[in-house]
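Note sheet for the following structure.
Just so it is clear, none of the values below were taken in a lab; they were calculated from the coordinates. Treat the numbers as computed from the prediction; the structure is a model and nothing was measured. Note that we place each Cβ from the backbone using ideal geometry, even for glycine, and neighbour counts take in every protein chain shown.
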Amino acid sequence: MDEPYAALTPSCLLDALETVGLRGDGRLLALNSFENRVYQVWLEDGSSTIAKFYRPGRWSDAQILEEHAFTVELAQHEVPVVAPLPVAGATLHAHAGYRFALYPRRGGRAPELDAPGALEWIGRFIGRIHAFGAIRPFEHRPALDIVSFGEEPRDWLLARQCIPEELLPAWRGIVDQALDAVRVAFESRPASRVLRLHGDCHPGNILWTDDGPHFVDFDDARNGPAVQDLWMLLSGDADAMSRQLAQVLAGYEDFADFDRSELGLIEPLRTLRLIHYSAWIARRWSDPAFPAAFPWFGTPRYWQDRILELREQVATMSEPPLQPH
């Protein structure tokens, strides 16, 4: 869809809020979000709310409502997530072709993952999220799998000739090699438990206050293995990630069991994310926010770096899985 938010003017946004009985005073603040559009809106009564307008065509109503139900369930059990507000008897609303939800404003700062106890604290809450996520799977939201995160993005990029011709053989060769290694990893763990996940649990989706962490943006919630919500908290060399993993699991396993065989999926999941990420930017290129944010995308240097990145992933996937210590 070309410029999917072109019609989402300030007047349209304020009119949308009025359909659910909220009158803005005209002040709007755009918050950081590429996939959707999110604003802090000040109201005439002096309060403010967060309005999230969903990217048209990405999710069905049923999929959005399933995400809402999950976060509401978590919030009701005092898991620190930011859940949508029920307004006019519903959490999902529509106006002028846009679907939107309203959220309470929750402040916070980026987590300091190297602070003593921070990763264990985060791990405890992810364990609580997963304890509820394991009760039943999503019915409408998709699963994190090789087809949707690896094969389909690869095929999409090839069909639209996104890779420079001189780099195409090298890119296609290493992507196919990487996906072969990912398949081997998943096929060797056919009994991995699938549960409802946050889906995109990187530090940017965790806000920290004096009361600890809280989790935002469940827009990518889906079914998948538990380790998907853990590996993005790890960084550095293998030794550093092993220490970090031990801290996360020390908190996680207070509330949920963790199948250690899933550790062999960390690098395969990272590989799928890398492939999916390139296709995600390419798919969104008609949205003016993307060329502005990713001016280097699509250049020969960009694809050369992706080739090197995937070669490193293939080598890493051939090594023993990360272990906590």
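In a DSSP loop and with at most 15 other Cβ atoms within 10 Å, the trypsin sites (Lys or Arg not before Pro) in the stretch 140-178 are R160.
Using θ = phi - 60° in the Karplus curve 6.51 cos²θ - 1.76 cosθ + 1.60, the 3J(HN,Hα) couplings for the stretch 44-51 round to 5, 7, x, 8, 9, 9, 9, 10 Hz; x is entered for Gly and Pro.
For the stretch 171-202 and the stretch 254-278, write down the distance between their C-alpha centroids in whole Å. Answer, in whole Å: 7. Under the classification rounded if a/c is under 1.5, otherwise prolate if a/b is larger than b/c and oblate if not, where does the stretch 127-176 fall, given a ≥ b ≥ c as square roots of the Cα gyration tensor eigenvalues? Here the stretch 127-176 falls in the prolate category.
Among H198, H140, H276, a tally of other beta-carbon atoms within 10 Å of each Cβ gives an order, fewest to most, of H140, H276, H198. Between the entries [x] 0.97; [y] 1.07; [z] 1.01, the label attached to Rg/Rh (Cα atoms, Kirkwood Rh) calculated for this structure is [x]. At full extension, A96 and D176 could sit 24.5 nm farther apart than now, given 0.36 nm per residue minus the alpha carbon distance. When only alpha carbons are used to place a centre, the stretch 309-325 and the stretch 24-67 end up 39 Å from one another.
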